[in-house]
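Asks: For reference, the structure I am asking about is given below.
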């Protein structure tokens, strides 16, 4: 497949996508290329089916996740892998990490989680604007922040889960 992931599913190359269309097109494509349909086919056809099915799965997994989708979209247009984050954001990261370490009860954890969720939503909005403007450098910076916030959200949820089950 030489199409980019958006073309595979007939979607515009944009950060905001129609999830229903993505899911519907994924199911339709998988129905036609899934290896189970090629049980009695030649070995070459079986191999091609497996390759296509894997590519469609990779494309789907990338586009359904906002962080992966943004990284893919940036990668289609911009050749730099990572960008350095501004010092003030790095300081904020350390403060959030320290706060997470010091949190010892669920209400404080939930409060931190809620603040991170708000910050994450703000960064996603800035990322969307930067992507729409095709400002790939700024988009990459926003993506770095979003990756950190997503990871921190997961850490907080895990800590809350462990608190609930102790």
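Asks: Just one of (1) closer than 30 Å to residue 151 by Cα; (2) in contact (Cβ under 8 Å) with a residue 12 or more places away in the chain trips up residue 37, so point out which.
Replies: Result: residue 37 passes all but (1).
Asks: Here is a check on your reading of the model: is residue 114 surrounded by fewer than 14 Cβ atoms within 10 Å (Cβ to Cβ), at pLDDT 95 or above and at negative phi? Walk me through how you get there before you give the answer.
Replies: Working: surrounded by fewer than 14 Cβ atoms within 10 Å (Cβ to Cβ): yes; at pLDDT 95 or above: yes; at negative phi: yes.
Against the criterion (surrounded by fewer than 14 Cβ atoms within 10 Å (Cβ to Cβ), at pLDDT 95 or above and at negative phi), residue 114 qualifies.
Asks: With the structure loaded, tell me whether residue 15 is assigned to a loop (DSSP other than H, G, I, E, B), at negative phi, touching a helix residue (DSSP H, G or I) at 6+ places or on another chain (Cβ under 8 Å) and crowded, with 17+ Cβ neighbours inside 10 Å or whether it fails that test. Write out each step before concluding.
Replies: On the way: assigned to a loop (DSSP other than H, G, I, E, B): yes; at negative phi: yes; touching a helix residue (DSSP H, G or I) at 6+ places or on another chain (Cβ under 8 Å): yes; crowded, with 17+ Cβ neighbours inside 10 Å: yes.
Criteria met by residue 15.
Asks: Being outside the structural domain of residue 131 (by TED's automatic domain parsing), farther than 19 Å from residue 147 by Cβ and in contact (Cβ under 8 Å) with a residue 40 or more places away in the chain, is that true of even one residue in the range 45-52?
Replies: Checking the range 45-52: at least one residue is outside the structural domain of residue 131 (by TED's automatic domain parsing), farther than 19 Å from residue 147 by Cβ and in contact (Cβ under 8 Å) with a residue 40 or more places away in the chain.
Asks: Moving to a separate point now. Taking the range 21-42 only, how many residues are farther than 22 Å from residue 61 by Cα and either surrounded by fewer than 16 Cβ atoms within 10 Å (Cβ to Cβ) or modelled with pLDDT of 90 or more (or both)? Break it down into steps so the answer makes sense when it comes.
Replies: Within the range 21-42, the first condition is being farther than 22 Å from residue 61 by Cα, and the residues that meet it are 38-42.
Next, from what is left, pick out any that are either surrounded by fewer than 16 Cβ atoms within 10 Å (Cβ to Cβ) or modelled with pLDDT of 90 or more (or both): 39-42.
Qualifying residue count for the region: 4.
Asks: Could you tell me which of the residues 69, 115 is assigned by TED's automatic domain parsing to the domain that holds residue 145, closer than 20 Å to residue 145 by Cα and free of Cβ contacts under 8 Å to residues at least 60 places away in the same chain?
Replies: Values: 69 fails: assigned by TED's automatic domain parsing to the domain that holds residue 145.
The match here is 115.
Asks: A further question on this structure: Does residue 131 fit the bill of being modelled with pLDDT of 95 or more and surrounded by 13 or more Cβ atoms within 10 Å (Cβ to Cβ)?
Replies: Working: modelled with pLDDT of 95 or more: yes; surrounded by 13 or more Cβ atoms within 10 Å (Cβ to Cβ): yes.
When the stated conditions are applied, residue 131 passes them.
Asks: Hey, among 85, 152, which residue is touching a residue at least 40 places away in the same chain (Cβ under 8 Å), touching a helix residue (DSSP H, G or I) at 6+ places or on another chain (Cβ under 6 Å) and either crowded, with 19+ Cβ neighbours inside 10 Å or more than 27 Å from residue 17 (Cβ to Cβ) (or both)? It would help to see each step written out before you state the result.
Replies: Numbers: 85 fails: either crowded, with 19+ Cβ neighbours inside 10 Å or more than 27 Å from residue 17 (Cβ to Cβ) (or both).
None of the others qualify; the one that does is 152.
The values are calculated or read from the model by the stated rules, or taken from the named source; none is laboratory data. Small disclaimer: the values here were computed from a predicted structure and weren't measured. Positions of Cβ are generated from backbone atoms using ideal geometry, with glycine treated the same way; all protein chains shown enter the neighbour counts.
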